[in-house]
1. Looking at the range 21-33, I want the residues that are β-branched (Val, Ile, Thr) and have a partner that is in a helix (DSSP H, G or I) and modelled with pLDDT of 95 or more with Cβ atoms under 7 Å, at least 6 apart or on another chain. Which pairs are those?
2. Within the range 237-259, track down each residue that is in contact with a strand residue (DSSP E or B) (Cβ under 9 Å, 6 or more places away or on another chain) and either open to solvent by 60 Å² or more (accessible area, probe 1.4 Å) or in a loop (DSSP other than H, G, I, E, B) (or both).
3. Could you please find all residues in the range 104-126 being within 8 Å of the ligand (Cβ to nearest atom) and closer than 17 Å to Glu82 by Cα?
4. Tell me which residues, restricted to the range 34-43, are without any contact (Cβ under 8 Å) to a residue 60 or more places away in the chain and either aromatic (Phe, Trp, Tyr) or in contact with a helix residue (DSSP H, G or I) (Cβ under 9 Å, 6 or more places away or on another chain) (or both).
5. Before we move on, is Gly200 over 23 Å from Asn282 (Cα atoms) and part of a loop (DSSP other than H, G, I, E, B)?
6. For Glu82, are the conditions met, namely being open to solvent by 20 Å² or more (accessible area, probe 1.4 Å) and within 12 Å of the ligand (Cβ to nearest atom)?
7. Give me the pairs: first residue in the range 149-177 and in a loop (DSSP other than H, G, I, E, B), second residue open to solvent by 40 Å² or more (accessible area, probe 1.4 Å) and away from the ligand (no atom under 13 Å from the Cβ), beta-carbon distance under 7 Å, and six or more apart or on different chains, which are they?
8. Between Ala129, Ala151, Ala101, which is open to solvent by 10 Å² or more (accessible area, probe 1.4 Å), out of contact with any Ser or Thr (no Cβ under 6 Å at 6 or more places or on another chain), within 14 Å of the ligand (Cβ to nearest atom) and farther than 27 Å from Arg219 by Cβ?
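The values are calculated or read from the model by the stated rules, or taken from the named source; none is laboratory data. Every value quoted in this text rests on a predicted model; they were computed, and no experiment measured them. Cβ: placed from backbone, ideal geometry, glycine included. Neighbour counts: every protein chain shown. Just the protein is used for accessible areas: all its heavy atoms, side chains included, with ligands, DNA and RNA removed. Shrake-Rupley method; radii C 1.70, N 1.55, O 1.52, S 1.80 Å.
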Amino acid sequence: MHQNPLAYLVGLEGTALLRSFAGEHDRAFVEARIGEIRKLLDDETLAGADAAVDVDRVSTVDGYRIWSETYDGPNSAFDIDEPVVGDILDGIPEGVALDAACGTGRMTALLAGRGHRTVGVDSSADMLARARERVPGGEFRLGDLHRLPVADDAVDLVVCSLALTHVPELGPVIAEFARVLCPGGHLVISDIHPEWVARGSIPAVRLPDGRPARLDTYRHAVGDYLRAALAVGLQVRRCEEPGGRSAEPADPPRQPTTDMGPWEDWPWSLMDLVPEATAAANAGVPVEIIWHFQG
Ligand SMILES: C[S@@+](CC[C@H](N)C(=O)[O-])C[C@H]1O[C@@H](n2cnc3c(N)ncnc32)[C@H](O)[C@@H]1O
């Protein structure tokens, strides 16, 4: 992957301009954006050949080996899905619950707290080690979403949070969820919204030798989840797209910074260079998608 901060910034400006073309902003806004693009193109810090980086892709097993060390630090994605997933779980009776791609056991803990007998599966031994510490009463198994180490019809509930963005095709994995669910069982999914993946929401890690890398990540359209679930006989109970930011301009307006911040690890730090374009480009765009299906 080639990542160029100038491309990212011009992309934000361009997305804001597309929304202007759809009638969301006035002439002064359009002229401000075009003026800002000119300044960005003239900025020697951004134009230098070494401003851009070539980034390796890493498998989720290798990537989560690194990320497992800091994964449970503050993460705004957790604040977005937990209230909605929690609300869905409150309406589901206790039973045997599978936390598929359980990671460090964030959802397993929510399930155990609601009285479920929990089984967590993940392909990262490093993430699982943390889950075992977090939920000592849970059962955890190393395994892959495409071949869950769980018998047919064995669970009443499957939860899969923030993991399907790592699989290339949803169909085989959702079919696997349907296989392990008993008749009438529930499936609750949270995932990074395709609009947000398209804006560059791809987990970043530093390899042991210091090079920046990105985890294998795929963008699934909203309809892809639906088609995969309907194909295996699941019914939709609920769909939410939380996390959209307000379209209201900041008051007072946020002033652009000139510091690119640690963008090779955290591309969002670039947004502070063009705050008005960022607010317009991302206004109302959901960050996550959450589904409740039932067999
Ligand atoms: C962003 S973390 C989410 C962890 C946890 N579900 C949560 O919401 O905090 C993604 C997890 O998916 C796991 N994962 C990715 N692809 C997988 C696969 N094919 N099979 C099993 N686990 C997988 C990773 O190892 C990682 O623990």
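1. Filtered contacts from the range 21-33: Val30/Leu17; Val30/Ser20.
2. Answer for the range 237-259, where residues must be in contact with a strand residue (DSSP E or B) (Cβ under 9 Å, 6 or more places away or on another chain) and either open to solvent by 60 Å² or more (accessible area, probe 1.4 Å) or in a loop (DSSP other than H, G, I, E, B) (or both): Arg237, Arg238, Glu240, Glu241, Pro242, Gly243, Gly244, Arg245, Ser246, Ala247, Glu248.
3. Thr104, Gly105, Arg106, Met107
4. Correct list: Ile34, Ile37, Leu41, Asp43.
5. So Gly200 fails the test.
6. Answer is yes for this residue.
7. From residues that are in a loop (DSSP other than H, G, I, E, B), the pairs are Asp152/Arg179.
8. Result of the check over Ala129, Ala151, Ala101: Ala129.
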